[in-house]
Every structure is written in structure tokens, then in C-alpha cells.
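The values are calculated or read from the model by the stated rules, or taken from the named source; none is laboratory data. Note that the structure is a prediction, hence the values are computed from the model and not measured. Virtual Cβ from ideal backbone geometry, glycine too; neighbours counted across all protein chains shown. Each accessible area value is taken on the protein alone, full model and side chains, heavy atoms only, with ligands, DNA and RNA left out. Shrake-Rupley method; radii C 1.70, N 1.55, O 1.52, S 1.80 Å.
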Amino acid sequence: MTQVTKVPQSYGSLENLVDGKWSRSASGQAQSTFDPGRGVPIADVPFATSEEVEAAIDSSQAAFEKWSRLSIFERVKYLYRAKSVIEAHFEELASTLTQNHGKTILESRGEVQRMIENVEAAIATAYTLSKGEALGQIAEGIDEQTVKEPLGVFAVITPFNFPLMVPFWFVPFAIVLGDTVVLKPSETDPLPTTLASRRIQEEAGLPPGVLNLVQGSREAVEALISNRSVRGVTFVGSTPVAKHVYELAGKHGKRAIANGGAKNSIVVLPDAKIDAYVPAMISSFFGNAGQRCLAGSNLIPVGRETHERLIGKFADASNKFRVGYGLDESSEMGPVISKASKERIKGAVARGVAEGAKLVADGTGKTVSGYPEGYYLGPTILDGVSRDMKLAREEIFGPVASVMQADDLESALEVINSKSDFGNMACLFTSSGSAARKFAREANAGNIGINLGVAQPAAYFPFAGRRDSFFGVLHAQIDTVDFFTDKKVVTSRW
Ligand code: NAD
């Protein structure tokens, strides 16, 4: 078994990375970041001042001039080094992630692995998809070609739930293509992002300004988007903020990728192999304590008999799911991110019960021995949820499953397509190829899973999303090659 790395109990005050140097903000505005498993603050997060944000942008703009002129092979070498740095610090990154976010160490290791896969995909992109096209003799003596050119400085804004993976949906692609980045991690758990940036900056030897990092929240985001030198923004977070970011980017004439929230349904047909797939369903609803944009939220067995066969097994397996401190290797589910989040989730469950749903597993009173102040909840299952209840339509972002009935696949599709405004993921469990095909074609969501509970696209596919889960055209991961470059068309006669 891999040994969990020992983590410091306190990190003091987090710094900004500007022009290759780490320095403390001059700002008086700060907040604490916590270890949610112990419920204690572990670092201060001073928010960068507008001057500091501007200095980061200026540094990235200056770095762009040289960085974009480097040969692609030179830039790729930095990415290989960054990959080695992440591998060398794999356990340190995973443990810090668990400490600051709460997810289990196993989940954190999976997340670090996703970082690495994105670096690898970015390297592959540099050699393949970043090439333009050419057509000779479009007219007598005339040839035409496209060249994909980097644009300049990009702002990368990330959420709390995947502080290592989500920045890597964008940063490696941007820099390998010749752009430079100002990264603004979530102020809720910025430690892992800050640590990864520090290790990469120092040990992969990135030239100053290619990657800058500023701490902060709304003010920093708005300052980044409205600055003339910033050519575009990538955002991942909640839907209201995604909409705001997308609108602001539009107002300032910037390109934007804005991923929002989710309300994902998992449909189970009568012919599904329930015993084989209950673990995948449990992991979908309760993995990462339900704080995934690809978490299952509505469980829809089709037909009364399927419901009866599924509900007992689902509830039994969730009651056995081991909730504990993330750095204990035996834990299967950690705490939620904050006390406020815990209270909000408990409120959503109580409202559901008041609306008539029946609690078949109640994790709202969960405590973990030895961690009395941690923000723990156990897997919670509400049965008899009707499709118009808030529980069925709004994002909960916690370990809560809402079970509702559908008579047939059409009616389950109706829940997915018209009862919620989100369109991030939809999954179907079945043994029928034709049902799977119908579902994949008709479910109005960006990421579709068949006999999978978390339909996470690999790094070399786009991370999709639709409706209120996504604003933009091009998606995260591999799609960003066309986001981070602009096509120039060269027509020549010789
Ligand atoms: P959030 O929207 O609160 O914060 C995301 C980022 O936006 C943070 O960096 C934060 O500092 C910044 N921010 C917050 N308020 C802002 C404002 N008013 N103006 C500008 N910037 C602001 O999201 P969160 O709570 O950190 O993350 C959870 C949400 O992210 C969930 O809704 C989840 O579904 C979503 N998410 C979506 C995806 C996806 O790919 N669709 C992936 C991961 C998470």
C-alpha cells in the first residue's frame, strides 16, 4: 500500500506568483482555508489587490512575446518536465489535496493522475491538432494554408471541487500552444493549486510570466476579464457565476469557455445488471461526497419492479460506504467542503422531506470518531421524489440521491430533458443496445454514460456540457486547441 505523505498542519499565508516570484499580497482582505475533515483553518488566503492582478497580467503579456516565438519542440520540453515534476510530487500533491478539500486519498490520487493525463494530451496536441491545413493550387499558381497562432494572455478560473484536475484541463494546452496564463484558483481550497504551481514553476523551470497565479475571488476575476491584455477566459464553477463570467467576457469582446453546475440523472432499465452495477451507482452519487459536476443526483429506476429490486441494494451499499477522514486509507467518502455547505445540504434534505419525499438512508447526523469538528455527512437517499420537487431539479452538490419513478425510458428522458435546466451528464444502465442508442441520441446532456456512473471524458476528448451547464462553443481539455489559438489564412502566389 502507498504510504500517505505527512502534511504540515499549517501553511501560514498563501502567496501570489507574479513574474516567476512568489510574494505575499499587500492586501488587507483575506480569508481562511480549512481542512474540512478536521474543521480547522490551515492557511490564510490574502486576496490579490487590483495592482497585483495587473502586474500578473503585464508579466504574462511580456512573457508571451518570447514564449510564443519558441519552437513547439522547446515548449513541449517544458511540459515533459512539468509531467516529471507532478510524478515526483505525486503523493505530496494528493495528500495536500485531501487535506484541503477533504476527498479521500484514493480520490486525490485519481485526480493527480488526471492532471498527468492532461499534460500528456497537451503534448500530443502540440504535435498533431495544432497543425494547420494546406491546399495547393486553389487557383492557377495559388496555394492556401491555415496556421493556428497563439493569442496571448488567458485567465483560468477554477472551482473548489477539483483544484488540481480542472486547472489542468486548460493550463498545459494554453502554454504548449504558445499562450501564457494567469491562474486564479478557488479561494475555498487554493492550497493544492498553489503547491502544484510552485513545484512546476521552480522545478520545471518555466520562464517567468508563462504561468502566474493570483489568489482572490470575484474582484480578481472581474479585473482579469476586463483587462485589455487578456484575450480570453476559461471558467469552471456554478451556473450563476458561469453566466456572469460569460456575459462579462462578451461585453469585453473576449472568447470564453464557461462550465456551470449540474443535475445529473442515472436511469436504470429493467434489463440492467443491477448487482454488477450498484457499486458504480454508489460511487457516482457519493464519491467525492457528491461534489462532482458529474455526480449522480437523480436515480430513476424504470418500472415498479426495477425500483423494488434496486432500492434495497442501493440503500444497503450506501449504508456500508465508509465515511471518514480522507487521509485514512480506509475511508471511502470524506467530508463536504465547509460547514456552510453541510448546513445547505441538510436544508435541501429537510425541504425534500417536507415536500413529501421519504428518507431511506439518512446521513444528515453523521459523525466521525476522532474528528468531531469535521464537516461530515453520510450517504443520504430520498425515495418517492416527484419530478417537480426542488430536490429533483436543483443542484445539491452533496451526498444525496433523489429516487424517482418512471414508467418507461421516454418518461425518464422527459425528466432529463425538461425538468431541469442543466445538461452536464446523463447515464443509463441497461443490457439493451437499442435502448442505449436511443438514450445516447435523445438525452440532452453533454456527457453520456452507458453502464457507467461517472461519464468523465478522457483528456484527449472534450469535457462536454449543455444548456445551463455550459456557456460557449469549444469545451475543456482537447477542444481547447482551437480556443487557445486563432486561425490565420495565408493565400500565396509564387
Ligand atoms: P463558484 O461558482 O462559487 O466559484 C468558482 C470560481 O468563481 C472561483 O474561483 C470563485 O473565486 C469565482 N467566483 C465566485 N463568485 C464569483 C463572482 N460573483 N464573479 C466572478 N467570479 C466568482 O463554484 P464552486 O462552488 O467553487 O464550485 C462548485 C460548482 O462548480 C458546482 O456548481 C459544480 O457543478 C461546478 N462545476 C462544474 C464543472 C463542469 O465542468 N461543468 C466542473 C466542476 C465544478
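Ratio of the range 257-322's C-alpha Rg to 2.2 N^0.38 Å, to two decimals? Before the final figure, lay out the partial values.
Numbers: Rg = 12.8 Å, N = 66, 2.2 N^0.38 = 10.8 Å.
Expressed relative to 2.2 N^0.38 Å, the Cα Rg reads 1.18.
Restricting to Cα pairs below 8 Å that are 6+ residues apart, what does the relative contact order work out to for the range 64-140? Please round to a whole percent. Let's see the in-between values first.
On the way: 32 pairs, mean separation 24.2, N = 77.
In percent, rounded to a whole number, it is 31.
I'd like the carbon and sulfur percentage of the solvent accessible area for the chain, probe radius 1.4 Å, heavy atoms only, ligands and nucleic acids excluded. Walk me through the numbers before you get to the answer.
Values: 10110 of 19700 Å².
Solvent-exposed carbon and sulfur of the chain make up 51 percent of the total.
With contacts defined as alpha carbon pairs under 8 Å and 6 or more residues apart, what's the relative contact order of the chain in percent? Don't skip to the end; give the middle numbers.
Values: 1182 pairs, mean separation 91.4, N = 494.
Computed over the chain, the figure is 18 percent.
Where a ≥ b ≥ c are the square roots of the eigenvalues of the C-alpha gyration tensor, would you call the range 1-133 rounded, which needs a/c under 1.5, or, failing that, prolate if a/b is larger than b/c, or oblate? Kindly include the intermediate steps, with their values, before the conclusion.
Working: a/c = 2.77, a/b = 1.23, b/c = 2.26.
Since a/c reaches 1.5 but b/c is at least a/b, the shape of the range 1-133 is classed as oblate.
Given 77/131; 83/254; 313/346, which pairs have Cα atoms separated by over 22 Å?
Values: 77/131 18 Å; 83/254 30 Å; 313/346 24 Å.
Distance filter (> 22 Å) returns 83/254; 313/346.
From the residues 227, 101, 365, which one has its Cα farthest along the dipole of the chain in the positive direction, the dipole being from +1 and -1 charges on Cβ of Lys/Arg and Asp/Glu about the Cα centre?
365
If amide H atoms are built 1.01 Å from N in the plane of the peptide, which residues on other chains or at least 5 residues away come under 5 Å of the amide H of residue 401?
Excluding prolines and chain starts, which carry no amide H, the hits are 380, 381, 382.
From Cα pairs below 8 angstrom and at least 6 apart in sequence, can you work out the relative contact order of the range 328-385, rounded to a whole percent?
On the way: 64 pairs, mean separation 23.2, N = 58.
The value is 40 percent.
Report the equivalent ellipsoid semi-axes for the range 264-458 in whole Å, largest first, defined as the square roots of five times the eigenvalues of the gyration tensor built from alpha carbon atoms.
Working: eigenvalues 141, 59, 48 Å².
Over the Cα atoms of the range 264-458, the ellipsoid semi-axes are 27, 17, 15 Å.
What are the lysines whose alpha-carbon lies under 19 Å from the alpha-carbon of residue 339, with same-chain residues fewer than 8 places away excluded?
103, 366
For the range 35-74, divide the Cα radius of gyration by the Kirkwood radius and give the resulting Rg/Rh value with two decimals.
Values: Rg = 17.8 Å, Rh = 13.5 Å.
With Rh from the inverse mean 1/r over Cα pairs, Rg/Rh is 1.32.
Using only the alpha carbons of the range 410-494, what is the convex hull's orientation-averaged projected area in square nanometres? Can you show the working numbers first?
Values: hull surface 33.1 nm².
For the Cα atoms of the range 410-494, the hull's average projected area reads 8.3 nm².
Quantify how much of the Cα-Cα distance distribution of the chain extends past 43 Å, in percent. Intermediate results must be reported in sequence, preceding the final value.
Details: 20587 of 121771 pairs.
Percentage above 43 Å: 17.
Over the range 166-309, with the other protein chains present, what is the accessible area per residue in square angstrom, probe 1.4 angstrom? Walk me through the numbers before you get to the answer.
Details: 4200 Å² over 144 residues.
Normalised by residue count, the accessible surface of the range 166-309 is 29 Å².
For the range 264-458, what is the percent of antiparallel DSSP beta bridges, rounded to the nearest 5? Show your work: numbers first, answer last.
Details: 3 of 23 bridges.
Antiparallel: roughly 15 percent of the beta bridges in the range 264-458.
Can you work out ³J(HN,Hα) from phi for every residue in the range 372-379, in order, using Karplus 6.51 cos²θ - 1.76 cosθ + 1.60 and θ = phi - 60°, giving whole Hz and x for Gly and Pro?
Those phi angles translate into x, 9, x, 8, 8, 9, x, x Hz.
For the peptides 27-37, 207-217, 354-364, what is the packing order when you average, over each peptide's residues, the other Cβ atoms within 10 Å and list the highest mean first? Before the final figure, lay out each step's value.
Working: 27-37: 19.6, 207-217: 24.3, 354-364: 16.9.
Listed from highest to lowest mean packing, they are 207-217, 27-37, 354-364.
Convex hull over the alpha-carbon atoms of the range 402-446: what's its volume per residue in Å³?
Values: hull volume 3.7 nm³, N = 45.
For the range 402-446, the hull spanned by Cα atoms encloses 82 Å³ per residue.
Which listed residue (284, 300, 337) has the Cα farthest towards the positive end of the charge dipole for the range 264-458, taking +1 on Lys and Arg C-beta and -1 on Asp and Glu C-beta about the Cα centre?
Going by the charge dipole, the pick is 337.
Using a simple charge model, +1 on the beta-carbon of Lys and Arg, -1 on the beta-carbon of Asp and Glu, nothing else, what dipole does the chain show about its Cα centre, in debye to the nearest 20? Walk me through the numbers on the way to the answer.
Details: 52 positive and 56 negative charges, 40 e Å.
Computed about the Cα centre, the dipole is about 200 debye.
Just to confirm, what accessible area per residue do you get for the range 369-494 at 1.4 Å probe, in whole Å²? Can you show the working numbers first?
Working: 5300 Å² over 126 residues.
Accessible area per residue, the range 369-494: 42 Å².
Can you give me the long-range amide H partners of residue 40? Hydrogens built in the peptide plane at 1.01 Å from N, cutoff under 5 Å, separation of 5 or more residues or another chain.
Hits under the 5 Å cutoff: 35.
Is it possible to state the helix-based mean residue ellipticity at 222 nm for the chain, with each DSSP H run of 4+ residues giving -39500 (n - 2.57), the sum divided by total residues, to the nearest 500 deg cm²/dmol? What is it? List each step's numbers first, then the result.
On the way: 16 runs with 185 residues, N = 494.
So the calculated ellipticity at 222 nm is -11500 deg cm²/dmol.
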